[in-house]
Amino acid sequence: VELSAPDNAPAIAPANVAVADDYEPEIINYWQVPEKMREGLPDLRISVLVYAELPENRFVLMNGERLREGEELSNGLLLEEIQRDRAVFNYRNYRFYLKS
């Protein structure tokens, strides 16, 4: 059996069309991360979140540890960004946030 595209199928993009290679997954709530993935994470509790206009002045206190943007909490769990009311983490291509 030979399959062919219907006559009204869209054409393949020309070679000069840029393909987004800087794709970033959507930021989801911690509880939307699959349970199996959450099981591999340490207990995450933000006791203090300090937001400042200058990123170098931002930090969170989590589990008794002071973290800045770009620092790793444990085993590939990265504190990606500190926003006004939440911290954004990256873990195995899941981007999720915790509210302060």
Can you work out the PRE-style zone for residue 71? Point 7 Å along Cα to Cβ, and I want the residues of segment 80-100 with backbone N under 16 Å. 80-83, 87-90
Bins of 5 Å from zero: percent of alpha-carbon pairs in segment 53-100: 5, 23, 35, 26, 10, 2
Residue 100 to residue 24: extension gain in nm, 0.36 nm per residue of separation minus the Cα-Cα distance? 25.0 nm
Neighbourhood charge, 15 Å Cβ-Cβ cut-off, centred on residue 41 and excluding it, Lys, Arg +1 and Asp, Glu -1: -1
With the label point 7 Å along the Cα-to-beta-carbon line of residue 52 and a cut-off under 11 Å to each amide N, the hits in segment 58-100 are 58-59
Among the Cα-Cα pairs of segment 35-80, the proportion with separation greater than 16 Å, in percent, is 40
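Values quoted throughout were computed directly from the atomic coordinates according to the rules given, and no laboratory measurement underlies them. From a predicted model like this one, the values you see are computed outputs, not experimental measurements. Quick reminder, even Gly has a Cβ in these numbers, built from the backbone with ideal geometry, and neighbours come from all protein chains shown.
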